Amino acid sequence: MSESTDLAHGTVNRADELSVQLISPDGMPAVVRIIWPPKPTVCHPRRYTEVVAAAMKLLAEASTTLAGIKASRRL
């Protein structure tokens, strides 16, 4: 049995979503799972910085949430 906690989830462009989860299996160390789209994310070169910014925002949100969990000594 394992517990899953969403750290961040959102779209990186109009079609693709990125999800970051904390997985805490019983009797094993916790791991962070980053779920990328199953197919490559494609964007126009003019939108590249927007897509990268959206992905980095989600990863930063996940890092902040994980830090809060660590601070509360739940990990």
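None of the figures in this text is laboratory data; all of them are computed from the coordinates on show. Every value quoted in this text rests on a predicted model; they were computed, and no experiment measured them. With ideal geometry, Cβ positions are generated from the backbone for all residues, glycine too; neighbour counts draw on all protein chains shown.
What do you get for the angle between helix 48-71 and the principal long axis of the chain? Use alpha-carbon atoms, 0 to 90 degrees, nearest ten.
With rounding to tens, the tilt is 10 degrees.
Rounded to the nearest 500, what is the 222 nm mean residue ellipticity of the chain from helices alone, with -39500 (n - 2.57) per DSSP H run of 4+ residues and division by all residues?
-11500 deg cm²/dmol
With a 10 Å Cβ neighbour count serving as the proxy for reagent exposure, in which order, fewest first, do Lys70, Lys57, Lys39 appear?
Least to most surrounded, the residues fall as Lys39, Lys70, Lys57.
At 7 Å along the Cα-to-beta-carbon direction for both Ala67 and His44, put a label point, then send me their distance in nm to one decimal.
3.6 nm
For the chain, compute the orientation-averaged projected area of the C-alpha convex hull (one quarter of its surface), in nm².
5.5 nm²
Calculate the dipole size of segment 1-60 relative to its Cα centre from +1 charges on Lys and Arg beta carbons and -1 charges on Asp and Glu beta carbons; express the result in debye to the nearest 20.
Here the size comes out at about 400 debye.
Projected onto the charge dipole of segment 2-71 (+1 at Lys/Arg Cβ, -1 at Asp/Glu Cβ, origin at the Cα centre), which of Val32, Ala8, Tyr48 gives the Cα projection farthest towards the positive end?
Tyr48
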